[in-house]
1. On C-alpha positions alone, give me the angle between the axis of helix 192-206 and the longest principal axis of the chain, in degrees, nearest 10.
2. Test of understanding: express the Cα radius of gyration of the range 152-221 as a ratio to 2.2 N^0.38 Å, with N the residue count.
3. Relative contact order (percent) for the range 5-139, with alpha-carbon contacts under 8 angstrom and 6 or more residues of separation?
4. Give the span of the chain's Cα atoms along each principal axis, as three whole-Å numbers ordered largest to smallest.
5. Answer rounded, prolate or oblate for the range 171-212, using the Cα gyration tensor with square roots of eigenvalues a ≥ b ≥ c: rounded when a/c is under 1.5, else prolate when a/b is larger than b/c, else oblate.
6. How many nm separate the modelled label positions at ALA117 and THR158, each set 7 Å beyond the Cα in the direction of the Cβ?
7. Cα axis of helix 135-147 to longest principal axis of the chain: angle in degrees, 0 to 90, nearest 10?
8. Count the net charge of all other residues whose Cβ sits under 9 Å from the Cβ of ASN81, scoring Lys and Arg as +1 and Asp and Glu as -1.
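Every number here is computed from the coordinates shown, using simple stated rules; none is lab data. As the structure is a computational prediction, the values presented were derived from the model and not from experiment. Because the Cβ atoms are built from the backbone with ideal geometry, glycine has one as well, and the counts that use them run over all protein chains shown.
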Amino acid sequence: MDPIAGGEPLRVLLVDDQKLMLEAMRVFIDNVEDFTVVGEAADGVVAVQQARALRPDIVLMDLQMPRMDGVEATRAILEENPDLLVVAVTTFHSQEYVIPALKAGASGYLLKDSTPADIVAGVRAVVAGEFVISSQVTDVLVRSVREDQSPAPAQRSTPEELGLSDREMEVIELLCQGSSNREIAQQMHLAEPTVKSHIGRIMQKLDVRDRVQIVITAYRSGLAQL
């Protein structure tokens, strides 16, 4: 259940080995009316312990930390509590960080050079059920798909074969550019709930479970160009 929709403040656990970053994030998160910071951790081991003890709604997770990195901490936390949300917030956007974090179960991947407003918006989107990634991370996913291509010719599909409308193809194109639901709504002059409906239908037609898989499938099937 969305705690914000239920009138409860969103309980946030901050994880970062840089003290100044922790302090900065605490300040701007605590200044958001319906958010509250319930704990902090400076490494993955403490993060797992804090997640177990404090039962936050969402964890903002750095990736490169001592003792246990953010990927392992994400995996451990979600094994204990699959309903908890984890968003990676890091300076790194290379494949060696992005892909393992997403495979570990992170619901989003944001960069530390994002504005506080963008991070808060990303957290809200994840809580609302979206999968949020910075635009630079989309580029990493594209490169990963390209390198993962087998020597055999890929199975290519047309929008008509998949039952995709022109509007749904436009949504796919914007997703491949890393656009959020709000950005898609603005560019297509649609309401955000309408965009969510389009994305839901696209996931059904492509038989995928999230936005990242839409992007990967679009490139692998030839719906989008590398």
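1. Orientation of helix 192-206: about 60 degrees from the principal axis.
2. Compared with the compact-globule rule of thumb, the range 152-221 sits at 1.07.
3. 19 percent
4. Ordered largest first, the chain gives principal extents of 50, 40, 30 Å.
5. Oblate.
6. Placing both labels 7 Å beyond Cα along the Cβ direction yields 4.4 nm.
7. 60 degrees
8. Neighbour charge sum, excluding ASN81 itself: -1.
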